[in-house]
Structure formats: structure tokens, C-alpha cells
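Reviewing the structure listed below.
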Amino acid sequence: MSEITEIAIIGAGHAGIEAALAAARTGIDTVLFTMSLESIANMPCNPSIGGTGKGHLVYEIDALGGEMGRAADKVTLQSRTLNLGKGAAVHSKRIQADRKEYHRIMKQTLETTENLRLVQAEIVSIGVENGNVCSVTTHLGEVWECKAAIICSGTYLESRIFVGDVNYESGPDGFLASKGLSSCLESLGIRLMRFKTGTPARVSRRSINFEELERQDGEFPIIPYSCMTSDIFFESIEQIPCHIVYTNAETHKIIRDNITRSAMYSGHIHGTGPRYCPSIEDKLVRFSDKERHQLFVEPVGASTEEMYIQGFSTSLPLDVQHKMLHSLKGFENAQIMRYAYAIEYDCADPTQLLATLEFKSINGLYGAGQFNGTSGYEEAAAQGLIAGLNASLKLRGKEPLILTRSESYIGTLIDDLVTKGTNEPYRMMTSRSEYRLLLRQDNADARLTKKGYEAGLVTNEQYSLFIEKQKLVEEEIERLNNTHISPLILNDFLKKHDMPEVNSGYSLADLLRRPQLTYKDLEEIDPSRKSLPPRVVLTAEVTVKYEGYIKRQIAEVKRREKLESRPLSNDINYEAIKGLRIEAAQKLNKVKPLTIGQASRISGVSPADISVLLIYFGMK
């Protein structure tokens, strides 16, 4: 049998979903293949969305017209903003998600989207003719002719589960492993890597003594991820509490006594694991001086008794999993519903990709998500959206969407991958960006919505909501700058807040710039303020409070833009350029940077090498 489509997307995880929706919503005939319709939008690890750096990605996905933020709002069990004790640049929203409901909503969204077909089938090979993608073939022999293909295979490629000394072929959560596609990719000249990740046991809620645990409640009011979510949506939602428990000396002794039985330390696992989400046995080895480790006990859903223990992932055998779990306070009688495991899988070296996420060597072939060497649902969704949108733009004869480091975390993520590559599962963190103050959660819409609208993904309704928010923010900032408070009123207020008296009046904006004061604090001397949506207040407050720092960072961006605006051809042979060090020439030939700016970020390319390039190409 033979079928025809324009874009074939392989895998319906978080990357595949965003890729499929981006392509279909921009008018391209799209087919999304998944090995099981039940695995769509699966959360095999944390039942959460967001977190440090990751929350920023979700806001950016929404600003560009993606789906993750909208669905996350609908399935929120609890919402918290992390790092509130620090500056606004690192404030990161994280929600506990109802895992099954998230799957249901995303599946229904895919099923009802125009130009999109959902097909349960395993893709085992990709056809390429004269360097162009021409088809994909299923394990049943069905051939789908296509003009582009996007690989969003997650952790399924030749995947293997490890529990102690037991290992077997399997995808996450017992789904089937993908067989055959890896060998096809290697035959096409694509370099693959072997990575590893893991997940903790799931425990029955009824078997936990919560009185022994620290309770962690959600925040209120909740600011949604999506601009399409009403400000009053969360008012009727009763948030479910999370809890905290700690490992102890007994837990550590059990793990150390059995560490050679861990698949990770027995030599069974050869893939590289995530640095920032290590197994509990890896934590004990790497942080041997710590007397205890914090674990988070989180709900998997509103209609299930399963609880997730964040920070307790392991590949230790079953008997040890029981012992170390029962050593935790409040878990003496805990019952395991799903055992912990590690999983190894194939992924691609991302330096083979352009910034559009298209492979340099194969026209029309794109990669996204964990296939590109990342970890996390949010990183995957961000890449999926960009890959799907760029594949659509290319087929429509339009310029690609390439986001820069200075305008988005998505741009930072992709630039890191295609320029520097990764030797371990890559995780987004706020520390990876040199422009953190400009790339806040609250202004993701201001940075990216217009780009999404111009690319055809942001709807008229969403764009109108964006314009209205920007208008309200600008009006409030202007009001704060133009509303002055007399010394008579101001000194009584300052005295209440343990601040010295003043001899002249101050604007509300000047007062807000004081570190000790917040927008809420000023309410008692600001009777003329209107009731505004929390997200409008947040952006106005941060913009005013950090105005000086923001201006300095914008000036730094303009200085660096000079390097980014100097293009480099894809056919340059850097080994022929005299003066370049051998290592630099080899790295430049491997990455083939698009600009001098990108070349400067390649590991192994020094400032002296960049000077050589500037002189060689006659750039000032």
C-alpha cells in the first residue's frame, strides 16, 4: 500500500504533538505516527510541567501558538512559582499535572485538528532520494510518500529497560521499543549516541503516612501558562497538596550495601545519564558528604492513588527498592504500584542539525526532542514546535523561524544543541542564558507572539489578547511614572516600612524601584489604581522595578548583534584558512556555523580564531 502526505511526524510524545499541530495549523497536510495511541503525550517520568528554566519554555511555546501551556492549565493539580526568593529573571512556574487527563486532552486535540491524521504504526525506515526525504515506511510495509519527515522518537529507539541485573527490550511504561529505525538512520550517515534516563517507583497513596511528611501547598492566585486561559479559570479549582520527605542514614546504608547490584554500577548500562536528574544511588556517590536528600511526594492524578517520589529514581533490584522505600519516614508500610527502572535509548548528535532543526546532510529531514539529545517534556515540546513550523514554512516557500539567544530560551536551547552539541541529556536552566533578565516568563508574549503570528501559527484571537495585554501594561507603567505622592502622605507610609523620611514627592514608579517595596505594598497610597489582571500587574511591576538593569542588558545585546549579523557560507573549508588552529578548523568544519556569532560559541574556537576569521573575510 502507498499513501501520500506532505509532512510525516514520527512519534506522538511532547515533541511530536507540537510538531504536528504547528504543521497542520499552518495549512500543511500532516500525518502523526505513534506506536500506540495510548502513549500520546505520555509522562513516563515526572507528572509535572515547568520548573526552573522549563517554565520559561512553556510560556514561550504558548506565545508562539503552541499547545503545551493551554493543556497544562486544564490539568493543573497544583501550581507553584519556584525561586521567588530570588530575582524576577529566575522565577519559574511549575505545575503538578493530571497525567491521564493530559493524555486525553492532547489526544482529542490531535484528533480534531484540521489537516492532521493520527496513525498507529511503527516507522522502521525513511526513504531518501538525491539527498531529499521522499517517504517513510511502517513495520507493516505501508509506504507513505512525503516531502518532509520529523523524527520525535523520544526514548523509544532501540530502547532497553534495566532493573538490577534484569534487562529487556522495551519502551517507557511497558510500551514497545522502536526497532529498525536506528539502523536505517545510521545507513543514511546520521551519527547516533546512546543516552540513559530513569524514573522512580510509584507508590499507593493509601499506604503512606502523610502525618510524618512536610506539607507543601500551592500558590494563589495562579497566573496561567496560556494567554488563552481565563484569569478566573483557577478560582474554582481546589489544589492538591504535595509533600516532602528526606532520605536518612538507614536509606543510605541500604543503597551503599547494594550499589553493585544497580544496573548503573554493575556495567550493564553503557548510555550516559542526565547530570541534573541523577538516580538516588548516583547522588550518594557524587554527594557522599550529604547526610540526607530531599524527596518530593507528588500526585499522579486526581482519579488515581498513584504517587510519584521525585528524586528517588533508581535501577536497583526490586528487593532493594522495597527496603530503601520502607526506610523513609512515613513510608514504613508503603506499597509499590510500579517499580523504578532505568532506560537506555538511541539519539542523534545534534551538531548535525541546522538552527531550523533540519539535518544538514538530508533535505527535509528534521529532528526534535529527546532524539536531539535533550531531556524533559518542555525542551521536547519547544523543539517540536520549531521543527514542525520550519518544515511547514519551507514547504510554503517562506523564510524559516530561527530564534536568537537574546530573544528566547528556545533560541538558547537550539543554539546550544546545534553549536556545542551535548554529551549527556541536555536540560534547560536559567543559568544557560546570558540574557536572563530580558527572557522572563512574564514577557514571553512580548518577545515572541508577533513572530508566531507572522509565521501563521498564532490565531487572530490570541493576537488580539496579546495586543490588549500590552496596552494595559503600557498604560499602567505610564500611570506609575506620572502619579506622584506628596511628602506628607509618603513619610507616614515610609515610616511603616522602616524607611527614612523624604523632603520631596516621589512617583509611584520611583517607589516601586526600591527593593523593599512591591506593587502590592503601594496600594495604600495609590487609591486611583484600577483592578488589573495579575499577569498585567506582574509585567508592569517587573518592567518598572528592573528598568535600569534591562536597559544595560539591551545595550549588551546590541553589541553582540554585530557578530550575529555577519554571515558565513555553508561551503567554507576552514582547514584552508591560514592562521586557524587545527582544532578550531575541525570544529568549524563539523558545525558549519551560519554566523561569526555562532562560530564564537563553538567549544574549541578561541577569540583569536574569531579574529582570524574576521580578518580573512574582511570584516570589521
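The values are calculated or read from the model by the stated rules, or taken from the named source; none is laboratory data. Just so you know, these numbers come straight off a predicted model, no measurement behind them. Methodologically, a virtual Cβ is constructed for each residue, glycine included, from the backbone with ideal geometry; neighbour enumeration extends over all protein chains shown. For accessibility, only protein heavy atoms count, side chains too; no ligands or nucleic acids. Shrake-Rupley method; radii C 1.70, N 1.55, O 1.52, S 1.80 Å.
Which residues, taken from segment 577-603, are in a loop (DSSP other than H, G, I, E, B) and of a type outside the set (Gly, Ala, Ser)? Break it down stepwise before answering.
From segment 577-603, those in a loop (DSSP other than H, G, I, E, B) are 577-581, 592-594, 601-603; that's our starting set.
Those that are in a loop (DSSP other than H, G, I, E, B) and of a type outside the set (Gly, Ala, Ser): ILE577, LYS578, LEU580, ARG581, LYS592, PRO593, LEU594, ARG601, ILE602.
How many residues are within 27 Å of the chain's Cα centre (by Cα) and in a loop (DSSP other than H, G, I, E, B) when one looks only at segment 238-253?
Residues flagged as within 27 Å of the chain's Cα centre (by Cα) and in a loop (DSSP other than H, G, I, E, B) within segment 238-253 amount to 4.
Quickly run through segment 112-152 and pick out the residues that are under 21 Å from LYS179 (Cα atoms), touching a helix residue (DSSP H, G or I) at 6+ places or on another chain (Cβ under 8 Å) and of a type in the set (Gly, Ala, Ser).
Result: SER125, single match.
Pick out the one residue from ASN83, ASN130, ASN115 that is closer than 17 Å to LEU185 by Cα and either at pLDDT 95 or above or touching a strand residue (DSSP E or B) at 6+ places or on another chain (Cβ under 9 Å) (or both).
Working: ASN83 fails: closer than 17 Å to LEU185 by Cα; ASN115 fails: closer than 17 Å to LEU185 by Cα.
Only one candidate passes the filter, namely ASN130.
How many of the residues making up segment 410-423 are open to solvent by 30 Å² or more (accessible area, probe 1.4 Å) and among the charged types (D, E, K, R)?
Looking only at that region, the number is 1.
So which strands (runs of 3 or more DSSP E) stay within segment 130-222 end to end and still have 1 or more residues that are more than 25 Å from VAL297 (Cα to Cα) and either touching an Asp or Glu at 6+ places or on another chain (Cβ under 9 Å) or open to solvent by 20 Å² or more (accessible area, probe 1.4 Å) (or both)?
Values: elements: 132-138, 143-145, 148-151, 160-163, 166-169, 192-199, 202-204, 214-216.
Filter on segment 130-222 gives 132-138, 143-145, 148-151, 160-163, 166-169, 192-199.
Answer yes or no: is there a residue in segment 537-545 that is in a loop (DSSP other than H, G, I, E, B), farther than 19 Å from TYR435 by Cβ and small (Gly, Ala, Ser). Working first, answer last.
Initial filter on segment 537-545 (in a loop (DSSP other than H, G, I, E, B)): none.
Scanning segment 537-545, I find no residue that is in a loop (DSSP other than H, G, I, E, B), farther than 19 Å from TYR435 by Cβ and small (Gly, Ala, Ser), so the answer is no.
State all residues of segment 557-576 that are part of a helix (DSSP H, G or I) and without any contact (Cβ under 8 Å) to a residue 60 or more places away in the chain; if no residue qualifies, say none.
Answer for segment 557-576, where residues must be part of a helix (DSSP H, G or I) and without any contact (Cβ under 8 Å) to a residue 60 or more places away in the chain: LYS558, ARG559, LYS562, LEU563, TYR574, GLU575, ALA576.
Looking only at helices (runs of 4 or more DSSP H) that fall completely inside segment 456-513, which ones have 2 or more residues that are open to solvent by 90 Å² or more (accessible area, probe 1.4 Å) and farther than 30 Å from ARG25 by Cα?
460-482, 487-496
Looking at segment 254-268, which of its residues are touching a residue at least 60 places away in the same chain (Cβ under 8 Å) and either over 33 Å from the mean Cα position of the chain (by Cα) or closer than 17 Å to TYR168 by Cα (or both)?
Within segment 254-268, ILE254, ASN258, ARG261, SER262, ALA263, MET264, SER266, HIS268 meet the criteria.
Residues are listed down the side, and each one gets a yes or a no for (1) in contact with a helix residue (DSSP H, G or I) (Cβ under 9 Å, 6 or more places away or on another chain); (2) among the aliphatic types (A, V, I, L, M):
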site	(1), (2)
ARG396	no, no
LEU403	yes, yes
THR430	yes, no
LYS469	yes, no
ILE485	yes, yes
PHE493	yes, no
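Would you confirm whether or not segment 130-137 contains a residue that is in contact with a Phe, Trp or Tyr (Cβ under 7 Å, 6 or more places away or on another chain), polar (S, T, N, Q) and over 30 Å from LEU517 (Cα atoms)?
Yes: segment 130-137 contains one or more residues that are in contact with a Phe, Trp or Tyr (Cβ under 7 Å, 6 or more places away or on another chain), polar (S, T, N, Q) and over 30 Å from LEU517 (Cα atoms).
Under 6 Å between Cβ atoms, at least 6 apart or on separate chains: pull out the pairs that start in segment 473-489 with a residue that is hydroxyl-bearing (Ser, Thr, Tyr) and end on any residue that is surrounded by 18 or more Cβ atoms within 10 Å (Cβ to Cβ).
THR483/LEU508
State which residue is farthest from LYS562 (Cα to Cα) when the search covers only segment 581-608 and only residues that are under 28 Å from the mean Cα position of the chain (by Cα), free of Cβ contacts under 8 Å to residues at least 24 places away in the same chain and open to solvent by less than 30 Å² (accessible area, probe 1.4 Å).
Residues of segment 581-608 that are under 28 Å from the mean Cα position of the chain (by Cα), as a first pass: 587-588, 590-605.
If we keep only those that are free of Cβ contacts under 8 Å to residues at least 24 places away in the same chain as well, we get 587-588, 604-605.
Right, trim to open to solvent by less than 30 Å² (accessible area, probe 1.4 Å) and you get 588, 604-605.
Details: LEU588: 20, GLY604: 21, VAL605: 18 Å.
Filtering segment 581-608 for residues that are under 28 Å from the mean Cα position of the chain (by Cα), free of Cβ contacts under 8 Å to residues at least 24 places away in the same chain and open to solvent by less than 30 Å² (accessible area, probe 1.4 Å), the one farthest from LYS562 (Cα to Cα) comes out as GLY604.
Going through segment 380-426 one residue at a time, which ones are closer than 16 Å to LEU353 by Cα and of a type in the set (Asp, Glu)?
ASP415, ASP416
Taking the criterion of being more than 10 Å from ALA381 (Cβ to Cβ), touching a Ser or Thr at 6+ places or on another chain (Cβ under 6 Å) and either surrounded by fewer than 24 Cβ atoms within 10 Å (Cβ to Cβ) or of a type outside the set (Val, Ile, Thr) (or both), would at least one residue in segment 8-17 satisfy it?
yes
Any idea which of GLU399, GLU434, GLU407 is among the charged types (D, E, K, R) and either open to solvent by less than 50 Å² (accessible area, probe 1.4 Å) or more than 22 Å from GLN598 (Cβ to Cβ) (or both)?
It is GLU407.
Would you mind stating whether THR374 is within 19 Å of the chain's Cα centre (by Cα) and either β-branched (Val, Ile, Thr) or open to solvent by 10 Å² or more (accessible area, probe 1.4 Å) (or both)?
Against the criterion (within 19 Å of the chain's Cα centre (by Cα) and either β-branched (Val, Ile, Thr) or open to solvent by 10 Å² or more (accessible area, probe 1.4 Å) (or both)), THR374 qualifies.
Which of (1) open to solvent by 40 Å² or more (accessible area, probe 1.4 Å); (2) in a loop (DSSP other than H, G, I, E, B); (3) without any contact (Cβ under 8 Å) to a residue 60 or more places away in the chain; (4) of a type outside the set (A, V, I, L, M, F, W, C) does SER611 not meet, given it meets every other one?
Of the numbered conditions (1) open to solvent by 40 Å² or more (accessible area, probe 1.4 Å); (2) in a loop (DSSP other than H, G, I, E, B); (3) without any contact (Cβ under 8 Å) to a residue 60 or more places away in the chain; (4) of a type outside the set (A, V, I, L, M, F, W, C), the odd one out for SER611 is (2).
Being in a loop (DSSP other than H, G, I, E, B), aliphatic (A, V, I, L, M) and either open to solvent by 10 Å² or more (accessible area, probe 1.4 Å) or farther than 13 Å from ALA149 by Cα (or both) is the filter here; which residues of segment 349-361 pass it?
Across segment 349-361, the qualifying residues are LEU354, ALA355.
Tell me which strands (runs of 3 or more DSSP E) are completely within segment 26-96 and hold 3 or more residues being hydrophobic (A, V, I, L, M, F, W, C), or say none if there are none.
Because the criterion is at least 3 residues that are hydrophobic (A, V, I, L, M, F, W, C), the strands (runs of 3 or more DSSP E) in segment 26-96 that meet it are 30-34.
May I ask you to list pairs of residues, at least six apart or on different chains, whose Cβ atoms are under 8 Å apart, with the first in segment 306-335 being in contact (Cβ under 8 Å) with a residue 40 or more places away in the chain and within 17 Å of ASP257 (Cα to Cα) and the second being assigned to a loop (DSSP other than H, G, I, E, B) and acidic (Asp, Glu)?
PRO317/ASP165
Restricting to segment 376-403, count the residues that are modelled with pLDDT of 95 or more and outside any helix (DSSP H, G or I). Lay out the reasoning, then the answer.
The first filter runs over segment 376-403 and keeps only residues modelled with pLDDT of 95 or more, leaving 377-403.
Checking the rest, the ones that are also outside any helix (DSSP H, G or I) come to 396-403.
Of the residues in segment 376-403, 8 are modelled with pLDDT of 95 or more and outside any helix (DSSP H, G or I).
Report, by residue number, each residue of segment 407-454 that is out of contact with any strand residue (DSSP E or B) (no Cβ under 9 Å at 6 or more places or on another chain) and of a type in the set (A, V, I, L, M).
Matches in segment 407-454: ILE410, MET429, LEU437, LEU438, LEU439, ALA444, ALA446, LEU448.
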